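Let me begin by handing over the structure; questions about it come next.
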Amino acid sequence: MKLETAKSLLLIILIGTSLVLTFGMWNYQAEYRPLNDVESIDEVDLGGEEQEISDLVKPNDVVFKMNGEFSSYKEPEDSMQFFEDIRQWELTDIQRNDLEEDTESGAEVEIIFPTEVPLSLFDTILNVDSTLTNNTNFYVDRFSIELQEEEEVLHVQFVSADREEVVEGTIYSRTSYDELLSIFGELTEDEYEEKQLLTDAARDIYIPKEKKALTSYTYTFDSIEAVDIRNIMFSNPNVVSVSETAPGSIMYRTDNRQLNIAGYGMRFIDVAERNTEQVDNSVLQQSLNNINAHRGFTGDYRLEGFTEDSIAYRMYQFEYPVVNNSYMDLSTIYQEWQNDQLSKYNRSLVSLNTVVNTSEKELRSGEEIMNSIQQNENTADIQDVQIAYRLTIETDDNGDYVLLEPNWYQKVNNSWSVVPEPNTNTQQNLEGGS
Amino acid sequence: MQWSHIKTLFILSFLVLNIYLLFQFIDKQQDMDIPELEVNDLNLDEQLDQENITVSADTDFEVPELSYISSTQKEFTQTEIRELNDIDDIDAAKSVDNKLLTVEFSSPLEIPENLERGDLSDLVSPYVLNTSEFSFGTWNHDLNIIVFYQNKEGYPLYLNQHAMLTFYVNDDREITHYTQTMVGDASTQGSTSLNTPKIAIGTLLQNRFLNAEEEVTNVTYGYYSRIDEEGEGTQVFAPTYKITVAEEDEENDYFVNAAESFTYPGNYTEYFTTKMFEENYLQKLYSMSEDDEEIADDLISIIEDKIEPYRSEPE
């Protein structure tokens, strides 16, 4: 009997210890002191969406060409929807050729992007069965899809920016063919508009002929807290000095980093010199990882342009670019990278909220725009002509608002400005350059 | 009887389970425990030995608890200018923004040959305000200027154009002018644990600023700020080791951040020429010169002569 009681006791103890051990294993967390006695910082993010390359590289024009005439969807949303369709089309038989002389083509659609990007990016944007190119110096700013009526297939062409090489492919899908064919049959309908080609510019630009009226919007907006930005940009906020350099302008500084926040924008520099292992990442990939890490795409930002060590993204609203052009540019995100380290980061801290007011605004007709551009001396430098929203901060008794006003903009030297009024014209109702 | 058998069986199986769990638990504990981040001094010594690098500098000194400090620039007052002008043999003036003090010796001050460093400050101290706050920094022979760094919390602010006493020496070893900038009272910005001087030397080695057959001749502690553009208020100074590396006859200084290990080679001539003179002092002197300040005119021509060979090509 004695033995039995001891065994029961032993069993209970064993069950108990096994429970304790199991529980302990689930909950065990190593206790360690943070390396620097930093006040612990909650992971901060800016609340934007995580973005992929295909979210950032989107066309800003889709032009249907037939018999020397050009047309587009009236609504850029429709163009974007059509591009989303194209992304699904299966592109096969990819091959690379030298560019031959332009042959007169029947019906084709040209998809135009705001900036030149390496062709290799399209591997992730489009549905391809093999890589488009291994050549990292193959840049494109557009591609075309041509209807081949005899074989009933679609022929896709990427012409390199230096116009030396071409990568071609074929879409065999019958549904894709029919979709494009039916669009070409209905180009005279209401949802399409005629366009004209602006020649002599830095690249082919298509401008709608008709006059348009667009809506101006007044938005309430959220602004990212200065402290949140500080916690992202400084690894040890403990040693950061803060000063107010001017009313409403906050300067955070350490010996090698500086963050200035003013007027809903920020400018950050890091001058530390690090000897880091070089990673073989493009600036695009690095900056994408960096911004995603703090969920920094707080709106519809798209790739505006990049160089070997810098990159810019521009805010879009309703598929139109947004332009601000102030010292703290509230419509862009800009980064510079040196030795794989972020050395400069300028960005908008504005994220648009709800519309509180709208008004119609009539824009100049394409005819007027063409005239005024062709009067210009710098026509050859014009990289793009688009309708864009000008972003301004308006203040009333209830606080600050964002006003988005549509206007015709031209891009020269990578910066956007309002297309000037033609000299002969004495209209004076609009703003000059901004 | 059967119940007793079952109990035995249970006891055995729980015993096995417990042993298994215990091993798992210990395993997990070892995985999770973050190893002490300790750079092995012994290892470094071996490495230095292998590369035949000698460390003749004292690396065992104590560093202060307070680490990061910040300060804004001091503006010189009219009273101070008057005070200086009362001293015989010198004329003083200040820049329009009151941040740069310029002084001219009416008869150049000769620097005796074989002068010890300590004597140099004795030599100039009768002519300088707040000399006690400054200590000898470097004698740059490219530009032939002698530079003193301002001290804060008992340690020098290395190579900072806003906290510097600069003597302009002519070809006859005579001081003709000096300029002075200062920062005001320092406030402690925050502290963090600092690396030892040994670890800083290890950083130099890793970054290949320190190479085989070289010698570490001097290690000192002070403050250094990489961002010293003006006009934006407060400067933050990081705790920094200045490490002197000698390679045969040539000596190079490196500034190694004591908290984060960032390393900056001390490119003195380039710093003086571009950042200090071209972008700052000369600009201020030009505007003084517009106000017909004679000292400024003289100093401009002296500085321009000195930096002429070292100016970077305009892009």
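Each value in this text was obtained by applying a stated rule to the coordinates, not by laboratory testing. Given the structure is predicted, the values throughout are model-derived calculations rather than measurements. Quick reminder, even Gly has a Cβ in these numbers, built from the backbone with ideal geometry, and neighbours come from all protein chains shown.
Counting pairs of Cα atoms in the stretch A:124-181, how many percent are more than 17 Å apart? Spell out each step's value before the answer.
On the way: 701 of 1653 pairs.
The answer is 42 percent, as a whole percent.
A further question follows. Treat the count of other C-beta atoms within 10 Å as a stand-in for reagent exposure and order A:Asp228, A:Asp300, A:Asp255 from fewest to most.
Ordered by Cβ neighbours within 10 Å, fewest first: A:Asp228, A:Asp300, A:Asp255.
For chain B, what ratio Rg/Rh do Cα atoms give with a Kirkwood hydrodynamic radius?
1.24
Just to confirm a number: summing +1 for Lys and Arg and -1 for Asp and Glu over residues other than A:Met315 whose beta-carbon lies under 9 angstrom from that of A:Met315, what do you get?
Details: positive: A:Arg302, A:Arg314; negative: A:Asp300.
Surrounding charge for A:Met315 is +1.
While we're here: Just to check, using Stokes-Einstein with a Kirkwood Rh over alpha carbon pairs, what's the diffusion coefficient of the stretch B:231-315 at 37 °C and 0.692 mPa s in µm²/s?
Calculated translational D: 211 µm²/s.
Limiting things to C-alpha atoms, what are the Rg and the maximum Cα-Cα separation (Dmax) for chain A, in angstroms?
27.8, 117
Once Lys and Arg get +1 and Asp and Glu get -1 on their Cβ, which of A:Ser130, A:Thr170, A:Pro237 lies farthest toward the positive end of the dipole of the protein assembly as shown?
A:Pro237
Near A:Ser130, within a Cβ-to-Cβ distance under 11 Å, what is the net charge of the other residues, with Lys and Arg +1 and Asp and Glu -1? Kindly include the intermediate steps, with their values, before the conclusion.
On the way: positive: none; negative: A:Asp93, A:Asp123, A:Asp129.
Around A:Ser130, the surrounding residues sum to -3.
Work out the charge dipole of chain B with +1 on the Cβ of Lys and Arg and -1 on the Cβ of Asp and Glu about the Cα centre, then indicate which of B:Thr176, B:Thr220, B:Ile201 is farthest towards its positive end.
B:Ile201
Nearest 20 debye, what's the magnitude of the dipole of the stretch B:73-184 about its Cα centre given +1 on Lys and Arg Cβ and -1 on Asp and Glu Cβ? Intermediate results must be reported in sequence, preceding the final value.
Working: 7 positive and 20 negative charges, 115 e Å.
I would put it at about 560 debye.
Ok, one more. For every helix of n ≥ 4 consecutive DSSP H residues, a contribution of -39,500 (n - 2.57) applies; sum these over the protein assembly as shown, divide by its total residues, and give [θ] at 222 nm rounded to the nearest 500 deg cm²/dmol.
-7500 deg cm²/dmol
Could you tally the net charge around B:Ser187, taking each other residue with its Cβ under 12 Å from the Cβ of B:Ser187, Lys/Arg +1 and Asp/Glu -1? Write down the numbers at each step before the final one.
Details: positive: B:Lys152; negative: B:Glu153, B:Asp185.
Spelling it out: positives minus negatives among the neighbours equals -1.
If N is the number of residues in the stretch A:53-198, what value comes out of its Cα radius of gyration divided by 2.2 N^0.38 Å?
Against the empirical 2.2 N^0.38 Å value, I get 0.99 for the stretch A:53-198.
Let me ask something else about it. Sorted by mean Cβ packing within 10 Å, highest first, what order do the peptides A:48-56, B:53-61 take?
Ranked by mean Cβ neighbours within 10 Å, highest first: A:48-56, B:53-61.
I would also like to ask the following. About the Cα centre of chain A, what is the dipole size in debye to 20, counting +1 per Lys and Arg Cβ and -1 per Asp and Glu Cβ, all else neutral?
On the way: 30 positive and 82 negative charges, 498 e Å.
For this selection, approximately 2380 debye.
Which links in A:Lys65/A:Lys195; A:Lys58/A:Lys209; A:Lys344/A:Lys411 stretch past 19 Å when you go from one Cα to the other?
Values: A:Lys65/A:Lys195 10 Å; A:Lys58/A:Lys209 24 Å; A:Lys344/A:Lys411 23 Å.
Going by Cα-Cα distance, A:Lys58/A:Lys209; A:Lys344/A:Lys411 fall outside the 19 Å limit.
Suppose every Lys and Arg Cβ carries +1 and every Asp and Glu Cβ carries -1, with no other charges. What dipole size does the protein assembly as shown come out with about its Cα centre, to the nearest 20 debye?
Charge dipole, the protein assembly as shown, about its Cα centre: 3460 debye, nearest 20.
Give the separation of the Cα centroids, the stretch A:186-258 to the stretch A:115-177, in Å.
The stretch A:186-258 and the stretch A:115-177 have Cα centres spaced 30 Å from each other.
Another one. Compare the Cα positions of B:Ile90, B:Thr138, B:Pro156 along the charge dipole of the stretch B:73-184 (+1 at Cβ of Lys, Arg; -1 at Cβ of Asp, Glu; about the Cα centre) and return the one farthest towards the positive end.
Looking along the dipole axis, the top candidate is B:Pro156.
Inverting the mean 1/r over all pairs of different Cα atoms, compute the Kirkwood radius of the protein assembly as shown and quote it in Å.
Details: mean 1/r = 0.0312 Å⁻¹.
One decimal place: 32.0 Å for the Kirkwood radius.
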